[in-house]
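Since every read-out is calculated from the coordinates, none of them should be taken as a lab result. Nothing here was measured: the structure is a model prediction, and the numbers come from that model. Virtual Cβ from ideal backbone geometry, glycine too; neighbours counted across all protein chains shown.
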Amino acid sequence: MKRPSPALGVLRKPVVLLGAAGLVVVVLVWLFVFFVPQSHKLSSLQSEKTTLQQTVVQDDARLKQLRTESHHVGQIQALHSKLQGYVPAQEDLYTFIQTLSSAAKRTGVSISSLQPSTLVPATGTSYSAVPISADVKGTYDQLRSFVNAIYGLPRLTDINSVNITGGGPGTNRSTSLTATFDLAIFTSQKASTS
């Protein structure tokens with residue numbers, strides 16, 4: 001029979017076996033106490049890193065957009081001022097009447113009466129409206145030009161209705177007509193609730 005090798009005999013000694021078992025236990029404890037939880041933490045950190053990278057990409061895109069828009073600040077401010085002119089903070093009927101009279105003169109119509117009413121809330125908006133009734137005389141083409149001029153005014157003006165009289169059989173485009181316009185201009189000024 002063959003004699004066991006001396007290295008194998010050393011491995012069979014209880015001290016060596018206990019040492020090897022202890023080493024295995026230490027490795028298993030390290031594995032379950034430190035390595036596995038840290039690997040889960042690493043996975044969580046990788047997920048957080050991905051989310052943060054996506055946020056950085058989105059923020060970079062937004063920053064690029066803001067830099068582009070910052071080059072247009074002057075244009076945006078000019079547009080803002082123009083839009084505020086469409087719906088100013090005050091009624092300022094005097095300026096509107098002058099502007100409307102100039103439009104009438106340019107289009108060849110004559111305004112025979114102009115009657116503004118009191119400020120009322122504009123339904124469905126945060127604005128108030130000033131209803132205005134205007135009686136105007138002119139030909140068909142002049143009235144049509146006047147309507148276009150109203151829509152081109154520097155202040156937002158709504159034509160709620162137009163009632164035209166004076167036409168009919170035997171008339172032509174140069175026949176004088178009378179029109180009553182129910183207009184409204186708008187303001188950010190609040191209407192009184194009394």
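Some notes on this structure:
- Of all residues in the stretch 151-171 being among the aliphatic types (A, V, I, L, M) and out of contact with any Asp or Glu (no Cβ under 9 Å at 6 or more places or on another chain), the one that is surrounded by the fewest Cβ atoms within 10 Å (Cβ to Cβ): Ile164
- Taking the criterion of being over 18 Å from Ala104 (Cβ atoms) and without any contact (Cβ under 8 Å) to a residue 60 or more places away in the chain, the only residue of the stretch 131-159 that qualifies is Pro131.
- Only listed residue being part of a loop (DSSP other than H, G, I, E, B) and either loosely packed, with under 15 Cβ neighbours inside 10 Å or within 37 Å of the chain's Cα centre (by Cα) (or both), chosen from Ser101, Ser145, Ser112, Ser174: Ser174
- Filter pass, Pro169 being within 15 Å of Leu93 (Cα to Cα), of a type outside the set (Ser, Thr, Tyr) and not in a strand (DSSP E or B): no
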